[in-house]
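The values are calculated or read from the model by the stated rules, or taken from the named source; none is laboratory data. Keep in mind that what you see is a predicted model, and the values were worked out from it rather than measured. Every residue, glycine among them, receives a Cβ derived from its backbone with ideal geometry; neighbour counts consider all protein chains shown. The area values use the complete protein model at the heavy-atom level, side chains included, leaving out ligands, DNA and RNA. Shrake-Rupley method; radii C 1.70, N 1.55, O 1.52, S 1.80 Å.
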Amino acid sequence: NIEVVEDRPEDLVHRAPIVTVMGHVDHGKTSLLDYIRKANVIAGESGGITQHIGAYGVELENGQEITFLDTPGHEAFTAMRARGAQVTDIAIIVIAADDDIMPQTKEAISHAQAAGVPMIFAINKVDKPTANPEKIKERLAAMNLLVEDWGGKYQSHDISAKMGMGVKELLEKVLLEAEILDLKANPNKPAVGTVVEAQLDKGRGYVTTMLVQAGTLRVGDYVLAGKNHGKVKAMFDERGNMVKEAGPSTPISILGLDGAPTAGDKFNVFEDEREAKQIAAKRMQLLREQSVRTQKH
Ligand code: GDP
């Protein structure tokens, strides 16, 4: 019973692309995400983001923004999809140039294809003497995935996540892809989005990292996220700075929920606190019944 209202065209504004990095273990997903998190901070800000958080935004020199889901591996991607959450706009598939198309590379590719998410190939570790990026492109071609240098439609870039080589150009290609997708959202309505991760913090209670996908989330809003609910007491960006509101494609950590929702749970803002509580109670009840049923089997 969540009201679906069509957005008026004049309310739609550009939003940052939401990007997931996938690929085979040890091919360099973490290194790439770490490099981007540390290197591409908002101009003038020093140090970058040191703490790990499930999603973060970066602003490039030209002022354009990209939001990264920092949940390496496609487990998170599939877990979210299994819950019906489609948050990713673009997938970066990292492939080590000194290796081959490995089983998890293939899985990542088929997950992106199944979700209809455009892929960009990051051919990594090109600093290594044993790297052979052309071999990787040839292997991709054999899978019917022709990269641009080979006359195909897929963007790819040779990078060294370790040295930071080619990463800037890779991100420019992400922005190019985003431009083609023409991503828009309406910030002028109550926020909706998806839970990225949640944990219990000793001092602060439940900290829930969420991605606002449309609308604007504000301190004081009443949120229903999966089986959990509560009034947003405080919001923090990925640098730990307090913020009062967050628009589309913004990752945000909130305080105030009565528990930890599951990654991939949708969240909504409710005007009516009582209604949110009732739905949360109903969902909790359903979960209990489900677990009783699975225990019996
Ligand atoms: P993940 O499992 O895909 O997240 O891979 P990691 O980012 O943990 O990288 C696995 C290993 O490869 C680590 O030892 C990294 O230091 C190394 N590595 C990652 N990227 C590069 C690169 O561009 N060049 C080189 N030489 N090593 C890299």
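Quick notes
- For the chain, alpha-carbon Rg relative to the globular expectation (2.2 N^0.38 Å, N residues): 1.05
- Kirkwood Rh, Cα atoms: Rg over Rh of segment 146-196: 1.15
- Largest-first principal axis extents, alpha carbons of segment 216-274, Å: 31, 23, 20
- In this structure the amide hydrogen of residue 96, modeled in the peptide plane, comes within under 5 Å of the amide hydrogens of 124, none closer than 5 places in sequence on its chain.
- FRET efficiency estimate (nearest 0.05) - Cβ-Cβ, residue 153 to residue 243, R0 45 angstrom: 0.70
- Cα-only radius of gyration and Dmax that characterise segment 65-212, units Å: 17.3, 55
- Tilt relative to the chain, helix 29-39 - C-alpha long axis, 0 to 90 degrees, to 10: 80 degrees
- Both the radius of gyration and Dmax for segment 88-167 are 11.9, 35 Å, in that order, over alpha-carbon atoms.
- Residue among 179, 245, 65 with the largest mean-square fluctuation in a Gaussian network model of the chain, springs linking Cα atoms under 10 Å: 179
- DSSP beta bridges fully contained in the chain are about 65 percent antiparallel.
- For segment 147-248, the alpha carbon convex hull comes to 156 Å³ per residue, rounded to a whole number.
- Considering only 218, 274, 81, the mean-square fluctuation computed in a Gaussian network model of the chain, springs between alpha carbons under 10 angstrom, is largest for 274.
- Based on alpha carbons, the Rg and Dmax found for segment 184-297 are 14.4, 48 Å.
- Mean separation of Cα contacts under 8 Å, 6 or more apart, over the residue count of the chain: relative contact order %: 18 percent
- Measuring nothing but protein heavy atoms, the accessible surface of the chain at 1.4 Å probe radius is 50 percent carbon and sulfur.
- Exposure of residue 279 as accessible area (Å², to 10), given a probe of 1.4 Å and all protein chains: 30 Å²
- Think of a 1.4 Å ball rolled over the protein heavy atoms: segment 218-295 then has 53 Å² of accessible area per residue.
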